[in-house]
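Here is the structure we will look at, set down as structure tokens.
Each value in this text was obtained by applying a stated rule to the coordinates, not by laboratory testing. Bear in mind the structure is a predicted one, so any value in this text is a computation, not a measurement. Heads up, the Cβs are rebuilt from the backbone with ideal geometry, glycines too, and the neighbour counts pull from every protein chain shown.
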Amino acid sequence: MLLRASPVISPSYSSPLSSSPGVRSPPCSLVVTRNGTRSPLRVSAALAPEQKSLTGVVFEPFVEVQSQLMKVPPTSSQSLGRHNYSATCEAAINEQINIEYNTSYVYHALFAYFDRDNVALPGFAKFFKESSDEERMHAEKLMRYQNMRGGKVKLQSIVMPSVTEFDDEEKGDALCAMELTLALEKLVNEKLLQLHKVAEVEDDPQLSDFIEGEFLKPQVEDIKKVSEYVAQLRRVGKGHGVYHFDLGLQGKEA
């Protein structure tokens with residue numbers, strides 16, 4: 001007596017999730033054997049209507065974007081890129097721009113003083129010219145950041161330096177100017193820390209990251225460098241020692 005074999009089905013892939021109710025299993029390929037002929041059959045499990053993803057969290061961009069779409073200005077008279085940037089942070093950035101420009105202005109006055117023919121300390125003139133340029137670059141960096149965040153740069157008045165003669169009978173002009181520089185660098189550091197505090201209060205992590213990454217570390221490095229200059233100038237005193245110190249600022253050997 002001959003027996004007719006039933007079709008044989010052998011799965012080539014199985015998923016551990018296939019037994020879980022309401023979960024879509026990956027499609028699996030089944031091989032069906034009929035009368036000695038093997039033919040593939042593709043099968044996939046159905047998805048329960050209440051289940052949308054394995055994690056339970058579904059990102060629906062065209063639904064969620066509606067709240068942001070409503071905030072896009074209808075005209076270009078306002079910033080199109082502004083996002084989570086408070087008016088307080090915008091004003092604080094403008095204040096810091098003014099601080100950097102005023103500091104640059106003082107250093108420019110010091111450059112002009114040491115470049116005089118009757119002072120003739122070109123190393124100090126070079127140092128203060130570079131310091132002035134650095135502070136101006138800081139101001140421009142803040143201006144670019146203001147524009148990037150969608151704020152408006154509002155330049156304020158620059159105060160005329162109240163001192164144009166930096167000679168001191170007791171300390172000499174070199175030490176007097178360098179002590180002033182140290183005080184200014186510490187003042188700028190205080191202002192940067194205040195700006196960072198504003199970013200924290202306004203819950204603006206991007207502004208905090210910008211201040212930390214671009215300003216705080218270089219500022220304390222400048223304070224360290226100028227502190228060493230003050231200590232060295234106090235050691236060498238006035239006169240010939242200042243001349244040799246100036247050669248060092250020029251990059252020349254004494």
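Restricted to Cα atoms, the stretch 137-254 shows a radius of gyration and a Dmax of 18.3, 54 angstrom. Estimated from the Cβ-Cβ distance and a Förster radius of 30 angstrom, the FRET efficiency linking Leu69 and Gln206 is about 0.90.
Reported value for the stretch 84-187: 97 Å³ per residue, from the convex hull of its C-alpha atoms.
Counting lysine pairs in the stretch 136-222 that sit 8 or more residues apart in sequence, or on different chains, and whose Cα atoms lie under 27 Å apart gives 18. For the pair Asn84 and Val159, a Förster radius of 41 Å applied to the C-beta separation gives a FRET efficiency near 0.75, rounded to the nearest 0.05. Other residues whose C-beta falls under 10 angstrom from the C-beta of Phe111 contribute a net charge of -1, scoring Lys and Arg +1 and Asp and Glu -1. Where Lys and Arg each count +1 and Asp and Glu each count -1, what net charge lies around Arg136 among other residues with Cβ under 12 Å from its Cβ? In short, -4.
Peptide packing for 99-107, 219-227 was compared via the average number of neighbouring C-beta atoms within 10 Å per residue; ordered from the highest value, the list is 99-107, 219-227.
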